[in-house]
1. Looking at region A:127-143, can you tell me whether even one residue there is closer than 29 Å to residue B:18 by Cβ, within 14 Å of chain B (Cβ to nearest Cβ) and modelled with pLDDT under 95?
2. Do we find a residue being in contact (Cβ under 8 Å) with a residue 40 or more places away in the chain, surrounded by 15 or more Cβ atoms within 10 Å (Cβ to Cβ), on the phi < 0 side of the Ramachandran plot and in a loop (DSSP other than H, G, I, E, B) anywhere in region A:201-224?
3. Is it the case that residue B:232 is of a type in the set (Val, Ile, Thr) and within 19 Å of residue B:369 (Cβ to Cβ)?
4. Starting from region A:326-345, take each residue that is more than 16 Å from residue A:151 (Cα to Cα) and list its partners that are among the small types (Gly, Ala, Ser) and surrounded by 13 or more Cβ atoms within 10 Å (Cβ to Cβ), counting only C-beta distances under 7 angstrom and pairs at least six apart or across chains.
5. Can you find, within region A:166-176, the residue that is surrounded by the fewest Cβ atoms within 10 Å (Cβ to Cβ) among those that are within 24 Å of residue A:214 (Cα to Cα) and either touching an Asp or Glu at 6+ places or on another chain (Cβ under 9 Å) or of a type in the set (A, V, I, L, M) (or both)?
6. Can you pull out the residues in region B:176-204 that are free of Cβ contacts under 8 Å to residues at least 40 places away in the same chain and away from every other protein chain (no Cβ under 14 Å)?
7. Kindly indicate whether any position in region B:153-169 is part of a helix (DSSP H, G or I), over 30 Å from residue B:108 (Cα atoms), within 14 Å of chain A (Cβ to nearest Cβ) and at pLDDT 95 or above.
Amino acid sequence: MTKEAGIIGYGAYIPIYRVKACEIGKIWGNYNGHVPIMEKAVAGIDEDLVTISVEAAKYAIRRAKINPKEIGAVYIGTESKPYAVKPSGTIVAEAIGATPLVVTADFEFACKAGTEAFQACIDHVLSGRIKYAMAIGADTAQGRPGDQLEYTAASGGAAFIFTKKSNKTLAYCEGAVSFVTDTPDFWRRAYEHYPMHAERFTGEPAYFYHIINSVRTLMENMGLKPSDFKYAVFHQPNAKFPVKVAKKLGFTMDQIKPGLLSPYIGNCYAGSSLVGFAATLDVANPGDRILLASYGSGAGSDAFSFVVQDIILEKRNPIPSVRDMIGVRKYIDYSTYVKFRGKIRA
Amino acid sequence: MRKVAVIAIGYTKVKEHWGLSIRDLFTEAAIMALNEVTIDRVDALYVGNMSSGYCQHQEHLGALMADYIGLKSPPAVKIEAAGASGGMALREGIQAVASGLHDFVVVGGVEKMSDVLTPDITYAMAMAADQEYEAFIGVTFTALNAMIKRAYQHKFGVSDELIATLPVHCHDMASKNPYAQYPFKITIEQVLSSPFVAEPLRLLECSSPADGAAILILCPLEKAKKFTDTPIEIAGIGAATDTIALYQRDDFTTFKATIEAANMAYKMAHIKPEEVDVAEIHDSFSITGVISLEDLGFFKKGTAAKAISEGEIAPGGKIAVNTFGGLKARGHPVGATGVYQVVEVVKQLRGEAGKNQVDDAETGLTQNIGGVGGTVTVYIFRRID
């Protein structure tokens, strides 16, 4: 029996709308152009976490070429649930045709909820109880108008279907580590519309501490070093942090470049590192080793090592790549953005 | 009145110490100082701090710190004078030793600003201004200093480029200081392209919130040689106040309290400004430092920025200033700043300043400001050979 889980299909979805960071800065009096990204993806007025998840899941199923009825688990990692009480997973599972013999749940761990779903799916399929398990990380992230987060809080997500490693899987997971502490760097209390954050506390003691520890532990456990990886993907709250953490850990720009999307789409929270991972799989070749390290405020980091398999080359077309989706965009102004994101309240 | 000496120093790195509490910081610095000398008792403790009540909901720092650094029930008290808390705490310590009341006194400064977010620390700092007549309208501390810069530039016609040379100098110095908050160089272009915090003050012209603690141990000069080979005499003492509110000043381009405090200190030490080898001045904002260099008598009014651009405050220049980075780049843990300044002058006069050492430094000066010049302390220190 194989002891490794593989990915048989994946898909991502980036909404078509973009608002430029300088457009947001202009509204709030930041005329100096000191903005953390170039532009961010914005969900349209008829889009939400569920529609984003369904789009990504449909691409994943097409790539996997499986009967969705065989998907035994649909887990969604998010902090943008349309309902406070009512699972998003049921809507997605119904929409993709996975119901009724399916387990679903919505996971919450800020921006690493998607990789929490990875952990559950990997163990599900390895236990043999479920053949295919789908993990989704997606968000329509909210930033308080005028807050620093408003520049980056974006929409998007990605879905991955796990099963036992075989010659049909396009990549397999050879190791995983979860590093968690109680570090309150970012939070949203019940009944509050926007999250709070602790400014620079979200940096060194939060993002960097947890990612560095998860990745170092993973590499130590597996006897790997940065140069053993062809690519690396880190959670991307802005354009600067993933580059800095890569450098601190000894990874190069070439290794992170394919998955570094935050300058162009912003931070789609639980979808952030997963969309970056999907974009990296879009260009990876058989045998390549990929590091995936998420970060979730609160706080924790999941680090995974994946190895790309031969069939990936057959699984690329005709599904649009993440970069294709990023390239298809419509710019909106700030007033349209606040309308789309429900920031105008009577 | 007995002469007083500094016989030991201690300090923490200045940074955002996410993992240390205010008592941890103070204790770390105090242990460093207490390990420098062998004394069998501490007669009194003075703790300079501005905002522990607001930031930590903790007052009564005297007893707290005396307890946590392991002292045996000495009288201990917190001294608060906004940004000059450290400088005024030192004054209390000096008075206690000089008067003969105490022989061994610990003077510390501590501030832990990273426990609260920017809006709160902005509000806390505005408490240094006049709440009833000034701060209540919403003016921030940075905004008050921005008005000072505007008035100064209007009066003397000094450019942004020239004023930007002070933070550039301070970062240059801090780049060789291992305990500095920002140990890297910056350029004039970076200063001038950084965003406005309060126009015309830009981000890289302003000190930023920091955590840190610094400690001095004082004793009578006559006994100092028993405890250290390099005692540093506190040769001049000056302190003065001015109107707390800026609007009440006749002239925004000078800090009257600096001039008065400096005159007292120079007179007591029997020296003139040109005899000072190293100075740590209060550059909480670029303009504050520029004005201070003039008020202390190092340069004529309206000329300090040009002098900085010509290398006059770099080691080897007319006077070496802020050789560890000053408030801008060493960092400005508010209530500790006045004590850090003394630590740095002591290091220079002892010859322990490492890469920042000024050759043959014998006389040093510190200037510590509270508010927008509402309180100022000036001290002069002398090496004892």
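The values are calculated or read from the model by the stated rules, or taken from the named source; none is laboratory data. Being a predicted model, the structure only gives us computed values, none of them experimental. Here the Cβ is made from the backbone with ideal geometry for all residues, glycine too, and neighbour counts use every protein chain on show.
1. no
2. Looking through region A:201-224, at least one residue is in contact (Cβ under 8 Å) with a residue 40 or more places away in the chain, surrounded by 15 or more Cβ atoms within 10 Å (Cβ to Cβ), on the phi < 0 side of the Ramachandran plot and in a loop (DSSP other than H, G, I, E, B).
3. So residue B:232 fails the test.
4. Nothing qualifies.
5. Applying the filter and picking the extreme gives A:174.
6. Residues satisfying the conditions are B:184, B:185, B:186, B:187, B:188.
7. No, because not a single residue in region B:153-169 is part of a helix (DSSP H, G or I), over 30 Å from residue B:108 (Cα atoms), within 14 Å of chain A (Cβ to nearest Cβ) and at pLDDT 95 or above.
Residue by residue, here is whether (1) among the aliphatic types (A, V, I, L, M); (2) assigned to a loop (DSSP other than H, G, I, E, B); (3) over 28 Å from residue B:115 (Cα atoms) holds:
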{"site": "B:23", "(1), (2), (3)": "no, no, no"}
{"site": "B:59", "(1), (2), (3)": "no, yes, no"}
{"site": "B:65", "(1), (2), (3)": "yes, no, no"}
{"site": "B:89", "(1), (2), (3)": "yes, no, no"}
